[in-house]
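Comments concern the structure below.
The values are calculated or read from the model by the stated rules, or taken from the named source; none is laboratory data. Remember, it's a predicted structure, so these values are computed and weren't measured experimentally. Cβ: placed from backbone, ideal geometry, glycine included. Neighbour counts: every protein chain shown. These accessible areas exclude ligands, DNA and RNA; they are computed on the full protein's heavy atoms, side chains included. Shrake-Rupley method; radii C 1.70, N 1.55, O 1.52, S 1.80 Å.
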Amino acid sequence: MLGPSGSGKTTLITALGGRLRGQIAGTIYYNGEPFSSTIKRNIGFVTQDDVLYPHLTVAETLLFTALLRLPNTLPKHEKIAQSDAVISELGLAKIKNSVVGAEEGEYWAGDVGESELDFFGRADFGAGLDDGAADSDDAVGSGGGREDGGDDDSPAVLLLSEGNVLYFGKGAEAMDYFSGIGYSPSVVMNPSDFLLDLANGVSSDDSREDPTMLKHALVSAFKNNLAETVKAEVQETGGSRRPPVGVVEDKEFGRWTTTWWQQFRVLLRRGVKERKHNSFSGLKIGQVLVVAFLSGFLWWQSDISHLQDQIGLLFFYSGFWGFFPLFEAIFTFPQERMMLEKERSSGMYRLSSYFMARIVGDLPIELVLPTIFVSITYWMAGLKPAAANFCRTLFSLLLTVLVSQGLGLALGAVVMDQKSATTLGSVVMLSFLLAGGYYVQQVPAFISWIKYVSISHYAYKLLLGSQFDTGETYSCSGNRTCLVGDFPSIKVVGLDAQVVSVGALVVMLVGYRLVAYVALMRIGVTTSTG
């Protein structure tokens with residue numbers, strides 16, 4: 001495939017690979033078989049951009065790809081052997097334990113290696129381009145491509161310009177065709193260079209013809225001389241050829257090569273290996289520890305005689321651990337969009353297995369830091385030392401973290417733009433905080449509904465309930481004894497309906513994740529043709 005930049009090479013290849021989003025016209029055949037998800041899974045597709053997980057090694061990248069893409073007809077040890085064979089085939093033995101993101105070369109090696117696993121040992125993919133064109137960005141090689149019909153084994157050549165076809169046929173006949181319509185090189189030159197000159201609107205003679213007019217003339221010549229013949233040959237051979245043995249017919253394993261459970265386990269392992277570097281980074285751990293100890297010193301050994309201070313600490317819990325997991329989760333799907341789109345478009349796994357692996361893998365990672373935070377601040381601040389109160393406080397906080405994380409996942413999946421999602425998340429969470437019942441106690445009726453959808457409101461209510469009982473008292477002004485439930489900052493929220501608050505947060509926890517899942521369904525969807 002030849003053509004200058006912008007001629008449509010990448011768009012056409014992407015469409016043929018089933019990775020072009022939107023509706024396209026026409027029908028795609030591979031070896032005489034209509035394009036399907038099964039055939040797509042047998043296509044090795046190397047993208048222009050390197051799309052790989054940066055914290056996995058080359059060997060891990062290829063191993064996980066082999067476990068996900070190779071069918072269940074192969075036992076696990078054979079899949080591992082295939083992965084090792086690709087490493088040997090591409091000469092990656094010296095860097096197989098190097099992290100992919102360490103050097104640009106490892107990115108390229110991993111990307112090509114992933115594609116190589118799609119067809120390694122199954123078909124002979126030869127080169128089809130002249131050496132001079134193969135080194136150019138203006139040429140795209142389609143391995144093993146041959147024109148249908150005829151005994152000539154010459155590679156088929158497709159010449160494009162601005163999305164239009166200038167020539168399609170045997171490479172050996174290209175020069176004769178253009179010579180026949182009045183275009184031939186004035187000096188001996190590489191045929192590929194001559195074809196690219198024509199695609200750029202440059203004639204090799206001294207006619208000084210306008211480039212735009214030259215391109216239009218070549219497009220018209222193709223339509224008048226070759227288009228009908230090519231169309232007839234394609235229609236004649238479209239459904240008549242059977243696929244070669246070992247390429248498609250041996251792949252009748254259904255829509256998916258592996259079971260849901262296998263996909264889940266592999267994706268879970270891969271996700272934990274990749275994300276542990278970010279989740280437990282020194283910067284993030286240091287941030288949480290600094291805030292924890294600072295809070296502990298500010299609220300040092302506060303008791304019920306300083307009720308307002310204790311209430312302030314509990315609301316700080318709900319605020320800090322509302323924002324922190326929210327902004328961590330917002331970046332999840334926007335950052336992984338290209339990887340998810342690449343792997344889903346190739347039919348590597350189900351969206352449900354990826355989503356569940358992501359959710360389950362995040363649970364222990366995301367809950368460790370808030371547990372450490374509470375363990376430090378709870379005892380330093382002098383909150384109730386009973387184990388039951390501590391466990392209720394921890395449970396309330398961890399539930400809040402999971403709900404806030406779900407909101408972040410939903411916002412990131414719906415918006416899919418980090419800057420826009422961050423801005424939207426800030427507005428939503430600030431609205432929840434303001435309506436939580438701590439800052440404003442007399443909320444106008446027309447806007448009071450916000451508290452019923454506020455994560456902060458229910459989290460604050462649960463945290464208050466973890467420390468105070470309805471009949472509990474404290475020393476108020478004038479040496480009087482007052483009910484904790486009558487304290488203004490508590491009365492507006494109330495200490496009752498704790499079960500309702502848990503139920504509301506559980507509904508949000510599930511609901512936000514369902515929104516994220518539905519939003520992700522549009523990523524990596526196979527292009528439909530018609």
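This table checks each residue for (1) modelled with pLDDT of 90 or more; (2) aromatic (Phe, Trp, Tyr); (3) open to solvent by less than 40 Å² (accessible area, probe 1.4 Å).
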position	(1), (2), (3)
Thr258	no, no, yes
Ser279	no, no, yes
Gly286	yes, no, yes
Ile304	no, no, no
Leu307	no, no, yes
Ser318	yes, no, yes
| task | Mind listing just one residue for me: the one in the range 180-207 that is more than 38 Å from the chain's Cα centre (by Cα), open to solvent by 50 Å² or more (accessible area, probe 1.4 Å) and of a type in the set (S, T, N, Q) and, of those, modelled with the lowest pLDDT? | result | Ser207
| What tally of residues in the range 456-505 results from selecting those that are without any contact (Cβ under 8 Å) to a residue 12 or more places away in the chain and closer than 25 Å to Ile359 by Cα? | 3
| query | Under 7 Å by Cβ, and 6 or more places apart or on different chains, what pairs join a residue from the range 378-390 that is at pLDDT below 90 with one that is open to solvent by 40 Å² or more (accessible area, probe 1.4 Å)? | reply | Gly382/Gln301; Gly382/Asp303
| query | What tally of residues in the range 9-41 results from selecting those that are part of a loop (DSSP other than H, G, I, E, B) and either within 21 Å of the chain's Cα centre (by Cα) or surrounded by fewer than 18 Cβ atoms within 10 Å (Cβ to Cβ) (or both)? | reply | 13
| query | Is at least one residue of the range 310-320 farther than 26 Å from Gly425 by Cβ and touching a Cys at 6+ places or on another chain (Cβ under 9 Å)? | reply | no
| task | All but one of (1) of a type in the set (Phe, Trp, Tyr); (2) in a loop (DSSP other than H, G, I, E, B); (3) loosely packed, with under 12 Cβ neighbours inside 10 Å hold for Phe446, so report the exception by its number. | result | (2)
| field | Boolean, Met338 is open to solvent by 50 Å² or more (accessible area, probe 1.4 Å) and in contact (Cβ under 8 Å) with a residue 24 or more places away in the chain | value | yes
| message | When the residues of the range 378-401 are narrowed to those that are in a helix (DSSP H, G or I) and open to solvent by 40 Å² or more (accessible area, probe 1.4 Å), which ends up farthest from Val510 (Cα to Cα)? | response | Trp379
| task | Restrict the check to the range 344-351 and report whether at least one residue is buried (at least 21 other Cβ atoms within 10 Å of the Cβ) and on the phi > 0 side of the Ramachandran plot. | result | yes
| note | With the first residue restricted to the range 218-247 and required to be modelled with pLDDT under 85, and the second required to be open to solvent by 100 Å² or more (accessible area, probe 1.4 Å), Cβ contacts under 6 Å at 6 or more apart or on different chains are Gly238/Tyr29
| message | As an exercise: evaluate Ser420 against (1) assigned to a helix (DSSP H, G or I); (2) touching a helix residue (DSSP H, G or I) at 6+ places or on another chain (Cβ under 6 Å) and give the number of the one condition it does not meet. | response | (2)
| said: For the range 68-85, check the following and say yes or no: at least one residue is open to solvent by less than 50 Å² (accessible area, probe 1.4 Å), under 22 Å from Pro334 (Cα atoms), outside any helix (DSSP H, G or I) and not small (Gly, Ala, Ser). | reply: no
| field | Criterion violated by Tyr177 - all others in (1) under 39 Å from the mean Cα position of the chain (by Cα); (2) open to solvent by less than 70 Å² (accessible area, probe 1.4 Å) satisfied | value | (1)
| request: Consider only pairs whose beta carbons are under 7 Å apart and that are at least six residues apart or on different chains; among these, list those whose first residue lies in the range 163-185 and is in a helix (DSSP H, G or I) and whose second residue is open to solvent by 50 Å² or more (accessible area, probe 1.4 Å). | output: Ala172/Asp152; Ala174/Pro191; Met175/Pro191; Phe178/Ser184
| Here is a list of conditions, (1) surrounded by fewer than 22 Cβ atoms within 10 Å (Cβ to Cβ); (2) within 21 Å of the chain's Cα centre (by Cα); (3) not acidic (Asp, Glu), and Ser404 meets all of them except one; can you say which number that is? | (1)
| request: Output the residues belonging to the range 419-443 that are closer than 14 Å to Ser404 by Cα and free of Cβ contacts under 8 Å to residues at least 24 places away in the same chain. | output: Leu424, Ser426, Val427, Val428, Leu430, Ser431
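Per-residue answers, yes or no, for (1) touching a Gly at 6+ places or on another chain (Cβ under 7 Å); (2) over 22 Å from Ile304 (Cβ atoms); (3) outside any helix (DSSP H, G or I):
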{"residue": "Lys451", "(1), (2), (3)": "yes, yes, no"}
{"residue": "Gly465", "(1), (2), (3)": "no, no, no"}
{"residue": "Cys482", "(1), (2), (3)": "no, no, yes"}
{"residue": "Ile490", "(1), (2), (3)": "no, no, no"}
{"residue": "Tyr512", "(1), (2), (3)": "yes, yes, no"}
{"residue": "Tyr517", "(1), (2), (3)": "no, yes, no"}
